[in-house]
Each structure stands twice: as C-alpha cells, then as structure tokens.
Amino acid sequence: MKKIFHFTVAIALLTLLPLSVNAQCKGFAKKICKVELTPYIHDGNYHAAILTVGEEAELYKTFYSDTDYRIAVCGSVNLPDIEFRVIDSDRNVLYSNEDKEYAMTWDFRLEASQQLKIFVKVPTAEGLPEDIASGCVAIMFGFLDK
C-alpha cells in the first residue's frame, strides 16, 4: 500500500513540475522582461520558455502597418546574452542584435502589415561549463498608443 502511495505522489509531482517551471518562467517574463517595454504598452501576451546553451526557439507574430513596436528579449542571469533576429516571409533578416552588442530591445515601424518570425538563440560561450543550467528566455511585444 505504501509503495502505491509513493508511486502516485511521484507521478503527481512529475506531472505538475512542468506547470511549476512554466509558471516561474512566466513570472520572470512579468517581473524582468516587461520592464524593458517601457514606455511601450505590453500586448498582454507572455512568451517564455526554458532554454539551454545552444538551444533555439522561434515565434511568429503579425505586425500591422503604421504602428510603433518594441520587441524585448531577455534571459535568466545564468545564461549568456540572448541572440535574436527578426525575419520576414521572404527570409530577409530585418534585424539582428548580434552586431548590436546583444541589445535586448528593437524599436520599429512597418510600412505594410506582415507576419514576422522572431528567432531566439542562447549562444554557446567560452568559459561556460558544458552542463550549464537552463534558464528562462522571454520575448515580449509592446506598441505605442497614438
């Protein structure tokens, strides 16, 4: 009977662990990354995931013409600077923070509405252990109210 109880508790904890980690990542996005949007108005969505050095993620988002936008990308302090690129549907790189000293934000305005791909990567860095801990990476969007 005790073994069944312990097994049930272990399964319940393993099931709830990803929810707890996701909640912590969302909390990181709210407390740390959202601040980077100021004075832009947050769009209300929290895009955050746990990534490890060398991992990549991408997100598609529609942006509308004649609106001023800010994209903010940030990662946990135990991760190296996060690389991000914004790519259009023709695979043209509209922005890369790699040559901007890994800036956390990009402000822009589009002439035509379009869907863009935001590509984030946790680059490998010299001097970091290969078994570095994972950390939250968040992508936040804001716009200026006219």
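The values are calculated or read from the model by the stated rules, or taken from the named source; none is laboratory data. Treat the numbers as computed from the prediction; the structure is a model and nothing was measured. As a convention, Cβ positions derive from the backbone with ideal geometry for all residues, glycine included, and neighbour counts pool all protein chains shown.
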Breaking point among (1) part of a strand (DSSP E or B); (2) within 17 Å of V137 (Cβ to Cβ), for E36: (1)
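Quick grid of which residues meet (1) at pLDDT 95 or above; (2) loosely packed, with under 11 Cβ neighbours inside 10 Å:
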{"position": "V9", "(1), (2)": "no, yes"}
{"position": "V21", "(1), (2)": "no, no"}
{"position": "L37", "(1), (2)": "yes, no"}
{"position": "I41", "(1), (2)": "yes, no"}
{"position": "A49", "(1), (2)": "no, no"}
{"position": "Y69", "(1), (2)": "yes, no"}
{"position": "L79", "(1), (2)": "no, no"}
If V53 meets every condition in (1) among the aliphatic types (A, V, I, L, M); (2) under 15 Å from A29 (Cα atoms); (3) at pLDDT below 95 apart from one, which number is that one? (2)
